[in-house]
Amino acid sequence: MQLRDLLPWRELIIDTSWSPSVAAIELRKSIQGPPPLSGGDDALFSGRVEGGRFHFSRRVAYKNSFLPVIQAVVEPSHHDGARVRIRMRLHAFVLVFVLAWTAIAAVFGVAVAISVVSRGRAMGLVGLLAPLFGVAIGSIPFALEARNAERLLRDVFARAPALPEAQKTGGAYR
């Protein structure tokens, strides 16, 4: 896991040999409406499709506030296939809550650290760990869930035939 994976958003592109219409159909097959209203449990994601835009989250049997909100757009690729642009982000309410909690923890942590260190005790620096805890609480669960969602999305498009290899001309690039 890299440091950038801990950010509460992620963008990725999946290229497939399917045409844009087939790629959109395959993605649409893996998305159903909200769990209480839909009958089948075979869908990987729950959400909605509006025109050519997909808005969904991974379908889970438990409540998880850190599930990424996923937006996808299928567009033509320059390799006679489709390119799926995917954006994942933390739900806005959860992001605001984590940011507010971290900011409050930072203010109180710094105030406690200044107060205790001014009295000659180094243990006051422990209060500075509270904002790091807030960042970890917001980023690590999101990173794990985003990785799961990315794996499932790549599996949806892995069924496509392989993209043709680029022609080798044998000449130097000019």
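Of all residues in the stretch 78-94, those that are within 19 Å of Ala143 (Cβ to Cβ) and in contact (Cβ under 8 Å) with a residue 12 or more places away in the chain have Cβ atoms under 6 Å from Cβ atoms of residues that are among the charged types (D, E, K, R) and assigned to a strand (DSSP E or B), 6 or more apart or on another chain, in Arg87/Glu11; Met88/Arg10. Among the numbered conditions (1) modelled with pLDDT under 90; (2) part of a helix (DSSP H, G or I), the only one that Leu37 does not meet is (2). If you filter the stretch 7-24 down to residues that are surrounded by fewer than 16 Cβ atoms within 10 Å (Cβ to Cβ) and of a type in the set (A, V, I, L, M, F, W, C), you find that the one that is farthest from Ile140 (Cα to Cα) is Val22.
The residue of the stretch 74-94 that is nearest to the chain's Cα centre (by Cα), among those that are surrounded by fewer than 16 Cβ atoms within 10 Å (Cβ to Cβ), at pLDDT 85 or above and not acidic (Asp, Glu), is Arg87. Among the criteria (1) small (Gly, Ala, Ser); (2) in contact (Cβ under 8 Å) with a residue 24 or more places away in the chain; (3) touching a His at 6+ places or on another chain (Cβ under 9 Å), the one Gly47 does not fulfil is (2).
Evaluate the following for Ala43: is it in contact with a Ser or Thr (Cβ under 9 Å, 6 or more places away or on another chain), surrounded by 13 or more Cβ atoms within 10 Å (Cβ to Cβ) and not in a helix (DSSP H, G or I)? It is true that Ala43 is in contact with a Ser or Thr (Cβ under 9 Å, 6 or more places away or on another chain), surrounded by 13 or more Cβ atoms within 10 Å (Cβ to Cβ) and not in a helix (DSSP H, G or I). For the stretch 49-65, a residue qualifies if it is under 14 Å from Pro141 (Cα atoms) and either modelled with pLDDT of 90 or more or among the basic types (Lys, Arg) (or both), and the qualifying residues are Arg58, Lys63. Close contacts from the stretch 4-15, counting a first residue that is in contact (Cβ under 8 Å) with a residue 24 or more places away in the chain and farther than 10 Å from Glu150 by Cα and a second that is in a strand (DSSP E or B) and among the small types (Gly, Ala, Ser), with Cβ to Cβ under 8 Å and a gap of 6+ residues or different chains, come to Asp15/Ala82.
The values are calculated or read from the model by the stated rules, or taken from the named source; none is laboratory data. These numbers come from a predicted model, not from an experiment. Positions of Cβ are generated from backbone atoms using ideal geometry, with glycine treated the same way; all protein chains shown enter the neighbour counts.
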